[in-house]
Structures are given as C-alpha cells and as structure tokens.
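Participant: Quick one: the structure is below, and I'll ask about it shortly.
The values are calculated or read from the model by the stated rules, or taken from the named source; none is laboratory data. Since this is a predicted model, take the numbers as computed values, not measurements. Please note: Cβ atoms are built from the backbone with ideal geometry, for glycine as well, and neighbour counts cover all protein chains shown.
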Amino acid sequence: MQPVRTVTIVGGGTAGWMTAAALSQWLTKVEIRLIESEEIGTIGVGEATIPHIRNFLPLAGIDPLAMIARTKASFKLGIQFVGWGAEGESYVHGFGKIGRDMLWLHTHQLWLAARERGLPLRSFDHYALNCAAALRNRFCFPDARNPQSPLADLDYAYHFDASLFARFLRKESEQRGVRRIEGRIVAVDVNGEWGEVERVRLADGRELDGDLWVDCSGMRALLIGEALGVGYEDWSHWLPCDRAQAVPCESVSPLTPYTRATARAAGWQWRIPLQHRIGNGIVYSSALMSDEQAAETLLGSLDGAPLGDPRPVRFAPGRRLEAWRRNVVAIGLSSGFLEPLESTSIHLIQTGIQRLLAMFPANGMAEPDIAEFNRQARFEMEDVRDFIIAHYAVTRRTGEPFWDHVRTMAVPDSLAERLALFASSGRFFKHGAAELFAEESWVQVLLGQGFAARADPVTRFVDDRALGGFLGEVEEVIADVAGRMPDHGAFVAGLPERSPRSSAPAVSFGPVVR
C-alpha cells in the first residue's frame, strides 16, 4: 500500500468546500486540491440545516458568528409542517427536548393518556420549548446555568445562503493551503488492473494524477458512478418526488426562526428565512405535476416579490451502492440523494466527511476500512429514508392522487415495525446509537400528523389529578420561558461579527439532533 500524499476533491459547491475546510484543518501533512469549473453550476438550494452542523463548524475551524455574518444566516428551532396531517392543520417538529419526564414516562406518553381520558389538553406543540418559541418568533442561545430550566436544553441549527457558505469555506480553505484548480474534467483514467482512478484530464489539456479522490461532483457522480461504475439503488417507489424548483424572494417581517414545509397537491413547498431574503422551493412528482404547474404554484405563494426565475432540478431518490470504492470516496449528492424534507442534505455531507477523517487511509487503501465506511453510509441513508417516508405514510390527506398513493403504499419493514410499536403503546426505541433522529423527532411528527397511537399502559397508574397537574405545569413553564426570550430578528441583528477567541467551542463528534 502506498501512503496518501494527495487528496483531490472533484467539484466545489457546499460538499466540495465543506470537505476541503475540514480536511485542511486536520490533515496538515497532506496536499489537498479541489478541481472545479466556473462553467458548471451548482444546485445550491440547500439552505436549512439541523443541529449537528454546530459540531461541523469547530471541526472545520470555523467561527460560528463569522459564518452567520458572512452567509446572512438566521437561526432554526425546527420545521413547521402545514397541511401534512390534514388540510388546515399544522404542527412544529422542534429540535431539543419535549417537556420533562415523570419517572420513566415521557411527556408524549402522558399526553396520550390525558387525551384518552378526555382531560383538558393543548396541542402537542405547547409542551416543547423549541416549538413554543418558534411560534412566537423568539430565540436566544441555550443557558446551562439553571439545568432545571428548559432553556438549558434549547437546541438549534441555522438557515444560511448555501452559495455564500461555500464561498466563505473556500476562503478559509485557501488560507490553509488548499489549492483550487479551475478546469473542467473531460476524461478520467482508471487503472485496468487495480480499478483505481489514476488521473483526470482537463479541457485545456492538463493532466492531474492523485492518491485519494473525493467525488463531490453532485448527481453526475463523475468518478464513483461514471468512471468506476458503482450502481445506484432507486427509492422512488417510496419517495415519488423527483423534481424541485427554487426561487428566492424579498424578505418580510418577522424573521421567523423555523423552516416551513407546506403540503401541495403533488408534493410540498419550503420556506427558509435568511437575513437578506427568503429561500423558497417546491418538491414534486413530475408524473402528477408539470414543471409549469409547479412554477405557478411556487410563484403564486411567495411572501415577497421573486428575485429570479425558478428552474426545475431533476433527481432520483436513492443511494449509491458503495460510497467508497478503491481510491474514490463519494460525498454529497454523488453518494445519494434524499429530498430536503428534514434538511438532511448538508448533514449527510458532514457525516461523510467525519467518516473519512475517522478512517482516513494515511498508509493506503485498506479493505476493512472501506467496508466499514460503506456499512455506516448505508445504515445512515436507510435510517434517514425511513424518517422521511414516515411523513408521507402517516398523512390523513385524501382525494389527491399523490397523497392517496403515499398514504396507502407499502413501507420498508423497518419502518412498519416502528409504526406498529408506537401505535400499540406510544413506545419508541432507537435501533442503534448511530440513528440520526431520536425519539423526540419521531414523536412530534407522528403525533403532529394525527397518527393513531394508544397511551403506554403503564400510565394507568397515574391518576387524573396528577396527570393533568403535571402536564399543566409543563405547559405553563414552557410558555413562560418562551415568552421571555428575545425576538429572533432583534437577536440576530445584535450579534457581533466574530467570537472572542476564548469562547471558541470545543470540537465534538457526538450527535446533537433529537
């Protein structure tokens, strides 16, 4: 095995420059190069993140306040889903904890018990701080000084301009020695004996060889797919949306600290508020909605004047059968694509980078490392896939071909088993520590969309008075804390443009998503 002396990233955009930023922070004895062409555009519609992004920033040596200033970012407490359970309904999938426990019983189990008994009850959004604060347009950083306060566990992510984020990371990476090579790749030479990528050829005649290649070429998958022939597993029978259109519009007040996902006739529409504009898009099934209909729906429901023309992007939901083969690692859309319903695209880039760092082939390619990388990548993609499918499977919308199909379709066995357990007792158990979305996320989506679930039978040992009093106190505390938080827009406007050196966060590889 030959030691890895060079890492060549093919493709820029969010995936390429996130990879360059993280690798250049840690692999100081490796030459890191990135090839991209101004002729080839990037999709660049991903603007919403999940809390795990707060681990990536210190991993890549990025000051979060500088990132917020440079990318016109806002904060995200969760996602508001409009019309997903049924027309006219809405709920919030908020990050962080829900209420508090009574012994081993969780808030949602007590809420289900109170509902079964007909006790006075508010919608489930009222029992989680992130949800209550989001709906009041409030935000502040978590405060751990009082561990008994729900503010101690406040969790959050960011909305940012993806093109500005990539530009920001490019500058940081180049300052650390990453060499950007402008050029369009026209040929890839693969070693006939070993099946490894040896070199690439650019349109101007230049040739570049390399040791380890990172394919960030997007859905084209130039290296992993076209050159090495790694196949693709199609999941469109579970996720029928295959196109998206995006368009920014002018900002409106207030600056909301949450993403909005609104159900439409053959898909759904997103709304992502930034400091300088609002990002909007529609995801849809081309079999049931034309590009023209999608554009009309999108443009007809913007909060402000559009700042461009929407253009359709085609995609196929699924995963690459191997994310790492020989000396090529696929990160980002080249490794697979899941629609942006729960803002996981940037997260999947991040975890691919973290896996690469954890298994970096410093002494050359080792098959056990490659096999483990691929096992973890497959588990992660299937785990996120099931969570996204659940949003469609538990809808109660009727009378529309798209929603009638997803409501009645067969789902993966792994998801069917999880739904059956929750329906029978309101119980939820993670299948492994590597799962991205924890109990709180599943509970908020299932209950928010009106999924029929029985209360945990153990709750029968809690009498009505104790049950009602406990839930009433949780609701009251949540409302009081949320009401005293500052306005989100004012909070963002008051942030400094850089963090004091002494307050830079420590690197953490642990999950923060709930």
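Participant: Looking at region 370-381 only, could you name the residues that are in contact (Cβ under 8 Å) with a residue 40 or more places away in the chain and of a type outside the set (Lys, Arg)?
Facilitator: ILE370, PHE373, ASN374, GLN376, ALA377, PHE379, GLU380, MET381
Participant: Taking only region 394-421 into account, find how many residues are in contact (Cβ under 8 Å) with a residue 24 or more places away in the chain, farther than 15 Å from GLU382 by Cβ and outside any loop (DSSP other than H, G, I, E, B).
Facilitator: 6
Participant: Counting only residues that are in contact (Cβ under 8 Å) with a residue 60 or more places away in the chain and part of a helix (DSSP H, G or I), which one in region 117-131 is surrounded by the fewest Cβ atoms within 10 Å (Cβ to Cβ)?
Facilitator: ARG117
Participant: With the requirement that a residue be part of a loop (DSSP other than H, G, I, E, B), on the phi < 0 side of the Ramachandran plot and surrounded by fewer than 18 Cβ atoms within 10 Å (Cβ to Cβ), what does region 433-461 give you?
Facilitator: Result: ALA433, ALA434, ALA438, ALA452, ARG454.
Participant: Scanning for something part of a strand (DSSP E or B), touching a residue at least 12 places away in the same chain (Cβ under 8 Å) and surrounded by fewer than 21 Cβ atoms within 10 Å (Cβ to Cβ), does region 297-307 turn up at least one residue?
Facilitator: Yes; the residues of region 297-307 include at least one that is part of a strand (DSSP E or B), touching a residue at least 12 places away in the same chain (Cβ under 8 Å) and surrounded by fewer than 21 Cβ atoms within 10 Å (Cβ to Cβ).
Participant: Here's something else I'd like to know. I need the strands (runs of 3 or more DSSP E) fully contained in region 219-293, keeping only those with at least 3 residues that are at pLDDT 95 or above and buried (at least 16 other Cβ atoms within 10 Å of the Cβ).
Facilitator: The qualifying strands (runs of 3 or more DSSP E) are 243-249, 259-264, 267-273, 278-284.
Participant: Moving to a separate point now. Please verify whether VAL188 is in contact with a strand residue (DSSP E or B) (Cβ under 6 Å, 6 or more places away or on another chain), crowded, with 22+ Cβ neighbours inside 10 Å and in a strand (DSSP E or B), treating the condition exactly as stated.
Facilitator: no
Participant: Could you list, in sequence order, all residues of region 422-432 that are more than 30 Å from ARG375 (Cβ to Cβ) and part of a helix (DSSP H, G or I)?
Facilitator: Within region 422-432, ALA423, SER424, SER425 qualify.
Participant: Something else about it: Does ALA152 fit the bill of being of a type in the set (A, V, I, L, M) and either under 26 Å from GLU39 (Cβ atoms) or in contact with a Ser or Thr (Cβ under 9 Å, 6 or more places away or on another chain) (or both)?
Facilitator: When the stated conditions are applied, ALA152 does not pass them.
Participant: Can you tell me which residues in region 159-195 are in contact with a helix residue (DSSP H, G or I) (Cβ under 6 Å, 6 or more places away or on another chain) and among the hydroxyl-bearing types (Ser, Thr, Tyr)?
Facilitator: SER173
Participant: Of ALA86, ALA134, ALA114, ALA48, which residue is closer than 30 Å to GLN245 by Cα, surrounded by fewer than 24 Cβ atoms within 10 Å (Cβ to Cβ) and touching a residue at least 12 places away in the same chain (Cβ under 8 Å)?
Facilitator: Selected residue: ALA86, the only one of ALA86, ALA134, ALA114, ALA48 that is closer than 30 Å to GLN245 by Cα, surrounded by fewer than 24 Cβ atoms within 10 Å (Cβ to Cβ) and touching a residue at least 12 places away in the same chain (Cβ under 8 Å).
Participant: Taking region 406-422 as the search range and keeping residues that are surrounded by 15 or more Cβ atoms within 10 Å (Cβ to Cβ) and more than 23 Å from the chain's Cα centre (by Cα), which one is nearest to ALA455 (Cα to Cα)?
Facilitator: Looking at residues that are surrounded by 15 or more Cβ atoms within 10 Å (Cβ to Cβ) and more than 23 Å from the chain's Cα centre (by Cα), I get PHE422.
Participant: Quick check, is ARG320 touching a residue at least 60 places away in the same chain (Cβ under 8 Å), buried (at least 24 other Cβ atoms within 10 Å of the Cβ), of a type in the set (Lys, Arg) and touching a strand residue (DSSP E or B) at 6+ places or on another chain (Cβ under 7 Å)?
Facilitator: When the stated conditions are applied, ARG320 passes them.
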